[in-house]
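Asks: Please see the structure below; I have some questions.
The values are calculated or read from the model by the stated rules, or taken from the named source; none is laboratory data. It should be emphasised that the depicted structure is a prediction, and the values quoted were computed from it without experimental measurement. Note that each Cβ is placed from the backbone with ideal geometry, even for glycine, and that neighbours are counted across all protein chains shown. Quick note on the areas: whole protein, heavy atoms, side chains included, nothing else; ligands and nucleic acids left out. Shrake-Rupley method; radii C 1.70, N 1.55, O 1.52, S 1.80 Å.
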There are 4 protein chains.
Amino acid sequence: MSEKDSMTTVMDNNAQWQAAFYRLRSNKAFELFVVGIIIFSALVIGVKTYPLPDALLKAVIVMDWAITVIFLVEIVIRFLGEPDKKRFFRSGWNIFDTLIVVVSLIPIEDSEMALIGRLVRIFRVLRMVSIIPELRMLLNSLLKAMPQLGYVLLMMFIIFYIYAAIGSTFFASVNKELWGDIAVSLLTLFRVMTFEDWTDVMYETMKEYPLSWIYYLSFIFFTAFAFLNMIIGIVVNVLEEEHQRIAKEEAEAAGEATVQDLHREILELKALIIQQAPALARSEEEVGR
Amino acid sequence: MSEKDSMTTVMDNNAQWQAAFYRLRSNKAFELFVVGIIIFSALVIGVKTYPLPDALLKAVIVMDWAITVIFLVEIVIRFLGEPDKKRFFRSGWNIFDTLIVVVSLIPIEDSEMALIGRLVRIFRVLRMVSIIPELRMLLNSLLKAMPQLGYVLLMMFIIFYIYAAIGSTFFASVNKELWGDIAVSLLTLFRVMTFEDWTDVMYETMKEYPLSWIYYLSFIFFTAFAFLNMIIGIVVNVLEEEHQRIAKEEAEAAGEATVQDLHREILELKALIIQQAPALARSEEEVGR
Amino acid sequence: MSEKDSMTTVMDNNAQWQAAFYRLRSNKAFELFVVGIIIFSALVIGVKTYPLPDALLKAVIVMDWAITVIFLVEIVIRFLGEPDKKRFFRSGWNIFDTLIVVVSLIPIEDSEMALIGRLVRIFRVLRMVSIIPELRMLLNSLLKAMPQLGYVLLMMFIIFYIYAAIGSTFFASVNKELWGDIAVSLLTLFRVMTFEDWTDVMYETMKEYPLSWIYYLSFIFFTAFAFLNMIIGIVVNVLEEEHQRIAKEEAEAAGEATVQDLHREILELKALIIQQAPALARSEEEVGR
Amino acid sequence: MSEKDSMTTVMDNNAQWQAAFYRLRSNKAFELFVVGIIIFSALVIGVKTYPLPDALLKAVIVMDWAITVIFLVEIVIRFLGEPDKKRFFRSGWNIFDTLIVVVSLIPIEDSEMALIGRLVRIFRVLRMVSIIPELRMLLNSLLKAMPQLGYVLLMMFIIFYIYAAIGSTFFASVNKELWGDIAVSLLTLFRVMTFEDWTDVMYETMKEYPLSWIYYLSFIFFTAFAFLNMIIGIVVNVLEEEHQRIAKEEAEAAGEATVQDLHREILELKALIIQQAPALARSEEEVGR
């Protein structure tokens, strides 16, 4: 056998394997099995938060490794099943899945690193989103709505920052823990925005600055109004998209005429009548002669 | 009389009885009477929560039995009035009504069972929903909206679960009662989502983990955003249904022409003109001759 | 002068007076003056809540009487200016205004009655709504939205009642003040719905009934969902009305054609062409001869 | 050189300078630089809220002056670059920017004035809004929505005022700090509206007035309902504007026919056919002869 032939055979073999893996990963049962493993891994994470007898603790550690191995195998299958290897790592979810598995594989003894290991195991639950298409779509739609909120969030941050600067300038002497510097002031204002014991904060400063209720009420008014505007912005945006989608669907619906179709028809009619007009005119002339 | 004749007579009798019961249960006065009894049973339940003198307590027990008997009679009437006996138990509400009455009939002495007996009596108030069609429709529309929320609720549960796992991993040492295991962590996070003294929870963990405010703020942000999306999803859905309903109504409205009707009319016009064209052409030709 | 003539003169006089009063009450300056007096009366009410020196207190009492007299004069003017005396008391707002003034006139010494007198003076502020048409419209639209909410409110009350009955059955032993009877239980549940220290209530009952979190979470879920549905119901309703209003406006807009107009035009066109058809046919025939 | 010529030269020079400054201020890099300086000034404000070593404090004061000078130069450039000097001070934002810089320039030693100086430095952050057009638009849209809310806010204030007057009349004896006069009563009611420990307020008054829960529940109901109505009002308003904008866009879309266009076309068609009718009639007559 020539070297070239053997290469071709290898490639043919590869293509066959790839197709087999592709079929496997597209299999509904395979997907359900992976979802099942993710749920199981979530349960294992939950169980680990309870005080466990030693025997169960050992079992949990074994299960943990088994889950890691299964995830590794699954990702290898998905990678081998991918026709275009380069495209595999262009998907953010594939990179996320691979990272989670790779970090899980690193043996960690150090107590600080152990925490990171536990965190990584917790984030495995997010694989649910990468596996179930509906959840992936939901997350994408959430992310897509983000940039539209950008300027409103910037505006809100400016409001927060100005109020926090004023707050830490005037109220730092009243309560160091709430208004000590601009960072804690921002946190305090977020607390006020959620109405969490905000009157305790206000009554305290009102003892020294009796007019400070203006500060709190105006802040609540501004943030509530900005928030309201944000929601309305999203709703209007969503409705507009809906409107366009419906309009497009209606236009595409087979057999249904639109106003544009009517327009075309009427123009054709007109052309027809105009075409007849000279004929008539001529017939009239001829008759008239 | 032959056996067959007697059978027919019995069946005729049955049919007559059934028709009579059907008329009775369709009677508006009968329905109002049942609604009255349900309201009365609700009042009896309310009265029982107050400390009562012995005489009144006895009266209440008698009333309780009277209500049970009336409900039993009502259900028997509704069952006998049903033309198709099998269909009766296909309605969830009929099964619910029957169960409530049957369990009320079981005499219970055991203190633990007595509580269940009291619960069943409380659930009698729900019969209001089974009797008043508007409330039944309202509940159905609530239930119909459920599956659409399914994936958003799943997404929210994933967010909750991940944060609860992180919380019980890191904060269990800070406060066992709030972050001891994943179950109490989930409850604590629900509390944070409702803004209920959430800063107390945060300030406590911030003593040990000064950066834990990121945990709380990101959690609030994610859940608020997911919740917002959920509401928008429902609103868009409801509006879409409204839109389709209105479009359908408009199309069905007698005497009102739609764009499709116009299209048909114009096509007919065209056909007419084209039909005339050869005539004209011919007339032209003839005249020309 | 005959008696009849004198009667006519009196009636003419009356009509002249009535017209004069009508002009007065329709006067913009008169309306602004009354609004000013209402604002002044609101300020007087506000001032009375502060501890006042004796001199000012006497002045306030004098002002109070002056306001009452001005209101009396104003209502008499409005009554005399009304062309149809019977219609005057058909308007709820006129009755409200008259009642407020009449009760203000009754001299009250008794300390208990004095409180009612103060209340009536407070309700004078509501006269703002009866005077400014925009506020009257706003209130009317609020009241108009009420019946649509009827069944949702009934549904919510049923949910509240069932949970309150369950709560006072099980938790009365835990905390008499929160769950003692069905009335306080309803109040406690309203508190839980507003998320006001609801976890304090829950943690207390969870000590005795560890699973009582199901009770609270399901209650919050049901009420939040019902509330959401209520809002959506109102929004859809408002949008539908808007939609109909816009559609009507568009149809009424002069010079703007609707699809219905087009339909009519096309039908006329058809009639015209059909009318010509026999003419053509005839002309064709004649030519053919 | 005549005086007139020298004048012209000066004016030409001026025009050249003005054009140069106009180019500078329209430069994207210039704008980004100013935004950078504003962010830097915000950071300086933030840093000042922390306890600083003396060296850094001096550096901060220097930076503060540097920022003021840069802002001064920037405004001078923008003023000189303005073709129409009078128009410059018609823009509220230009006046705001100038004021901020001018007040920053005044040297202040007095401790009370120093606070105002610090406040002015904080408000520099607002220059972000005056520089970034998207934020300016956002703020304008917020301000534009204000008048529409006017009557609803007035209505809400009337509700608040009446309840505050009732509250300070009856509950002042219960708790002077919460219900002492109408001002603190208004603040307490705002607190109740935000559900902030409102049950503590209610339970206190219920000890003396057991029926005062009616006061609180009706107040919550009214404000919640008014607030709901306000939101719906804004949403409907926004949607209506959207609707009109879309309708206008559709009408303006080139090549797209509207119902109005169709109407025109059909009328022209009719005119054409009617025009032909006499011709036909005549041809018919002639032929008939």
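Asks: For the condition within 14 Å of B:Arg118 (Cα to Cα) and in contact (Cβ under 8 Å) with a residue 24 or more places away in the chain, what is the one hit in B:Ile45, B:Ile61, B:Ile37, B:Ile77?
Replies: Every option except B:Ile45 fails the conditions.
Asks: Considering only residues of the stretch D:9-22 that are polar (S, T, N, Q) and surrounded by 11 or more Cβ atoms within 10 Å (Cβ to Cβ), which is modelled with the lowest pLDDT?
Replies: Filtering the stretch D:9-22 for residues that are polar (S, T, N, Q) and surrounded by 11 or more Cβ atoms within 10 Å (Cβ to Cβ), the one modelled with the lowest pLDDT comes out as D:Thr9.
Asks: Also: Pull up the stretch A:23-46, narrow it to residues that are open to solvent by less than 20 Å² (accessible area, probe 1.4 Å) and of a type outside the set (Val, Ile, Thr), then point me to the one that is nearest to the other protein chains (Cβ to nearest Cβ).
Replies: So, considering only residues that are open to solvent by less than 20 Å² (accessible area, probe 1.4 Å) and of a type outside the set (Val, Ile, Thr), the one nearest to the other protein chains (Cβ to nearest Cβ) is A:Gly46.
Asks: Check C:Asp84, C:Asp64 and return the single one that is over 28 Å from C:Ser26 (Cβ atoms), of a type in the set (Asp, Glu) and assigned by TED's automatic domain parsing to the domain that holds C:Gln18.
Replies: Testing whether each residue is over 28 Å from C:Ser26 (Cβ atoms), of a type in the set (Asp, Glu) and assigned by TED's automatic domain parsing to the domain that holds C:Gln18 leaves just C:Asp64.
Asks: I'd like to check which helices (runs of 4 or more DSSP H) are fully inside the stretch C:153-226 and have at least 2 residues that are at pLDDT 90 or above and among the aromatic types (Phe, Trp, Tyr).
Replies: C:198-208
Asks: Here's another thing I want to ask about it. Give the stretch B:127-137 a look and list any residue that's open to solvent by 20 Å² or more (accessible area, probe 1.4 Å) and at the interface with chain C (Cβ under 7 Å from one of its Cβ atoms), or say none.
Replies: B:Met128, B:Glu134
Asks: Same structure again: Being assigned to a helix (DSSP H, G or I) and surrounded by fewer than 11 Cβ atoms within 10 Å (Cβ to Cβ) is the filter here, so list the residues in the stretch D:74-112 that pass it.
Replies: Residues satisfying the conditions are D:Lys85, D:Lys86, D:Arg87, D:Gly92, D:Ser111, D:Glu112.
Asks: Take the stretch B:201-222 and flag every residue that is surrounded by 13 or more Cβ atoms within 10 Å (Cβ to Cβ) and under 38 Å from the mean Cα position of the chain (by Cα).
Replies: B:Val201, B:Met202, B:Tyr215, B:Tyr216, B:Leu217, B:Phe219, B:Ile220, B:Phe222
Asks: Same structure, new question: Within the set of pairs 6+ apart or on separate chains, which have a first residue in the stretch D:174-189 that is at the interface with another protein chain (Cβ under 9 Å from one of its Cβ atoms) and farther than 13 Å from D:Val201 by Cα, a second that is surrounded by 19 or more Cβ atoms within 10 Å (Cβ to Cβ) and aromatic (Phe, Trp, Tyr), and C-beta atoms under 8 Å apart?
Replies: Partner pairs satisfying both residue conditions: D:Ile182/D:Tyr161.
Asks: Out of all the residues in the stretch C:47-59, which are among the hydrophobic types (A, V, I, L, M, F, W, C) and buried (at least 16 other Cβ atoms within 10 Å of the Cβ)?
Replies: C:Val47
Asks: What about A:Phe190, is it assigned by TED's automatic domain parsing to the domain that holds A:Leu153 and open to solvent by 10 Å² or more (accessible area, probe 1.4 Å)?
Replies: Spelling it out, A:Phe190 is indeed assigned by TED's automatic domain parsing to the domain that holds A:Leu153 and open to solvent by 10 Å² or more (accessible area, probe 1.4 Å).
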